[in-house]
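All remarks here apply to the structure that follows.
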Amino acid sequence: MWLTDLQINLLGPFCGAKPVSFERNVTVLTGANDTGKSSLLRILEAAYWPQAEFDQHPPDPNVHVDEHPSAVEQAGGAHGFHAWFGMDESSSVHFSGLPTGAVKYEVSAPLRGERVSTVKMEDGSTTLLAPSALPRCVRLEPSVLLGGTVSFLRPNGIDEVLMRVAFGSGVDLQRFRGDSGKLARALRNANQTLEDSLGRVLPPSVPLRLRLEAQDPASGLLALHATDSLDALTDLGYRGDGIRRLLTVATLLADADLGDGHAMILLDEPEHSLHPDAQHAFRRFLEELASDPTRQVVYATHSSCMLNPWRPESVRLLRRTKDGTAPTTVVVERPYVNGYQFVRDDLGLLPTDSLLYGAVTIVVEGATEHLCLGPIIRKLAAAGIAGFADADLLLGQSRPLDARGDNYARLCRVVQALGGNPVLLLDDDKSCQVRNQGVPADIPITYMPKGLAIEGVVPKSAYLTAVATHLGDTSGAHDESAFDAWDAARPTGKPMRLEQTVAAWLDETRNGTKLQKPEVLRLAVEACDAAQIDATPFRKLLIEMRKLLQAQ
């Protein structure tokens, strides 16, 4: 069970804003100071704990009922929020006996007084919701990082958490103060428990574990070491803040004891005090954590290092504006147009700080390639397809750049002027444009297979299933057999690619329904097996990227 949308009415800086959507894995909140990122995290906490009072988080003082009646009318006349959750088979641990699909969970009177929490089904029926039925919500704010020593006589907050994870709750370590033998036995058990607990939350790409050693039992001090895949022990105090913050967060997660249930994990500016390289590593840790379908991560950030340009769908930009006469915060979804221009402007980034350019910049034709190239390559890599073993490393050193169907030569020159290496990924019919624009001959170009756009690399069945999902059609009216029948009966004309034929089909059968093609292809990539994807053009692209990086 995971949060899909949140409608906020007159809470914090939100004055009747439209629903905010959340990705099932990672959602990143960004924007200038004082736009409501922290407020949104607090509201998320309240959505998962509906019995908690909201008195400590009053509405924005700039929003007054008497002065802005239109805002109150738009918000339904009440402070509060509505939350929508998605469900699958694993969600039965929360709502036993309820069907999978979209569930609407509502909370009324959220500021003061009794709360009424209900689940509203598609047929209009409702059932009361016990707060304990919701997934766990864990907010991680490590104000103090783990260091090289732990005091069991005068522990600080994070020391207490670490010892609770290692020794269990209620263990009084003071009884070991004068008995080194008992302490050594206790540490053996504690270290095994600590290793098992951290192993459940740290991804395989982070082969670090914590180990406690007796240092000065008389003074109540234990040494804390980090051990890596080579079993090398290092005093944690000598490790960088990035690793210490990562291990601190992992310890907090282990203490939360999420078990096998679903959980929402919240972080506010986790990049604080971290070097850019450490931020990238921490971001990857959160992304891998959220790859577990029972984990949903939402974090707020001011750092471009914490935004993954290969996951543009995850970014939400918060901005202050006016809704009529009422000041409010709005959430801009999918703010990756024009090379994240809105994000760059709001974060005050210069072009050289931006999300536009990397050591290799892949100039792609449009929004579909920009959104879907990363998921396709990651899926091929995760499945062990030949030629993609180092894909994650290559993506980490590159950036996609949307050419919006043109301007290839100009964008390549801009990339080169900034010290980058451009490579083009284009449809096969763009070769004349490349020549006419004067794209330099030394810039590598990967063309899609003849007659195929990027949508054609997935099976037709997967693409049509994604179309039906995107349209919310469960009737079967838009399945593969219906499409094939229509295609066979249409007049023979100019050959069309799959996405063009599907567009014509919908135009005729659904009164001009338009698809968001990037979203449809993303759904198709998620739904099909990696072995069904035509990996040829992407394998060629990675070859060109390797050549450019090796030549540096």
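The values are calculated or read from the model by the stated rules, or taken from the named source; none is laboratory data. As the structure is a computational prediction, the values presented were derived from the model and not from experiment. Cβ sites come from the backbone with ideal geometry, for glycine too, and all protein chains shown count toward neighbours. SASA here: full protein model, heavy atoms, side chains in, ligands and nucleic acids out. Shrake-Rupley method; radii C 1.70, N 1.55, O 1.52, S 1.80 Å.
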Item checked: Calculated FRET efficiency for the pair His275/Asp507, C-beta based, R₀ 60 Å, to 0.05 -> 0.70
Note to self: Quick check: pseudo-label points 7 Å beyond the Cα along Cα→Cβ at Asp172 and Lys494, how many nm apart are they?
What the structure shows: 8.6
Checklist line | Distant-in-sequence amide H partners of Phe22 (H built 1.01 Å from N, under 5 Å) | finding: Asp5
Notebook entry, point to check: Whole-Hz Karplus ³J(HN,Hα) for the stretch 536-543, in order, using 6.51 cos²θ - 1.76 cosθ + 1.60 and θ = phi - 60°, x for Gly and Pro?
Noted result: 4, x, 6, 5, 5, 4, 5, 4
Next item on the list: Report ³J(HN,Hα) in whole Hz for each residue of the stretch 401-414, in order, from the Karplus equation J = 6.51 cos²θ - 1.76 cosθ + 1.60 where θ = phi - 60°; Gly and Pro get x.
Entry: 9, 7, 7, 6, x, 6, 6, 5, 5, 5, 5, 5, 5, 5
Note to self: Charges on Cβ only, +1 for Lys and Arg, -1 for Asp and Glu, centred on the Cα centroid of the stretch 186-341; of Leu252, Met264, Leu208, which one is farthest towards the dipole's positive end?
What the structure shows: Met264
Next item on the list: Return the long-range amide H neighbours of Asn156 (sequence gap of 5 or more, or a different chain), with a cut-off of under 5 Å between placed amide H atoms.
Entry: Ser151
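Give, in nm to one decimal, the length gained when the segment between Gln516 and Gln532 is fully stretched (0.36 nm per residue of separation minus the Cα-Cα distance).
Working: separation 16, 0.36 × 16 = 5.76 nm, distance 2.25 nm.
Computed gain between Gln516 and Gln532 is 3.5 nm.
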Next item on the list: Work out the length of the dipole vector of the stretch 420-552 about its Cα centre, built from +1 on the beta-carbon of each Lys and Arg and -1 on the beta-carbon of each Asp and Glu, and round it to the nearest 20 debye.
Entry: 520
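Quick check: net charge around Thr469, other residues with Cβ under 12 Å of its Cβ, Lys/Arg +1 and Asp/Glu -1? Don't skip to the end; give the middle numbers.
Details: positive: Arg522; negative: Asp473, Asp479, Glu519, Glu526.
Net local charge, Thr469 excluded: -3.
Would you mind getting the accessible area per residue of the stretch 389-488, heavy atoms of the protein chains only, 1.4 Å probe, in Å²? Walk me through the numbers on the way to the answer.
Numbers: 4630 Å² over 100 residues.
Per-residue value: 46 Å².
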Notebook entry, point to check: So how far apart, in nm, are the two label points at Gln341 and Asp34 if each is 7 Å from Cα heading toward Cβ?
Noted result: 2.7
Checklist line | In nm, spacing of pseudo-spin labels at Asp428 and Asp292 (7 Å Cα→C-beta vector) | finding: 4.5
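Pulled fully out, how much extra length does the chain show between Asn189 and Ala386, if you take 0.36 nm times their separation in residues and subtract their Cα-Cα distance? Provide the component values of the computation, followed by the final result.
Details: separation 197, 0.36 × 197 = 70.92 nm, distance 4.25 nm.
Gain on stretching Asn189 to Ala386: 66.7 nm.
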Note to self: In whole Hz and in residue order, list the ³J(HN,Hα) couplings for the stretch 327-344 that follow from phi through the Karplus curve 6.51 cos²θ - 1.76 cosθ + 1.60, θ = phi - 60°; x for Gly and Pro.
What the structure shows: x, 7, 9, 10, 10, 8, 8, 6, x, 9, 5, 6, x, 6, 4, 4, 5, 4
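Ranked highest first by the average count of other Cβ atoms within 10 Å around their residues, in what order do 483-491, 157-165 fall?
Put in order of decreasing packing, that is 157-165, 483-491.
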Note to self: Given axes a ≥ b ≥ c from the Cα gyration tensor, I'd like to know whether the stretch 348-482 is rounded (a/c under 1.5), prolate (a/b larger than b/c) or oblate.
What the structure shows: prolate
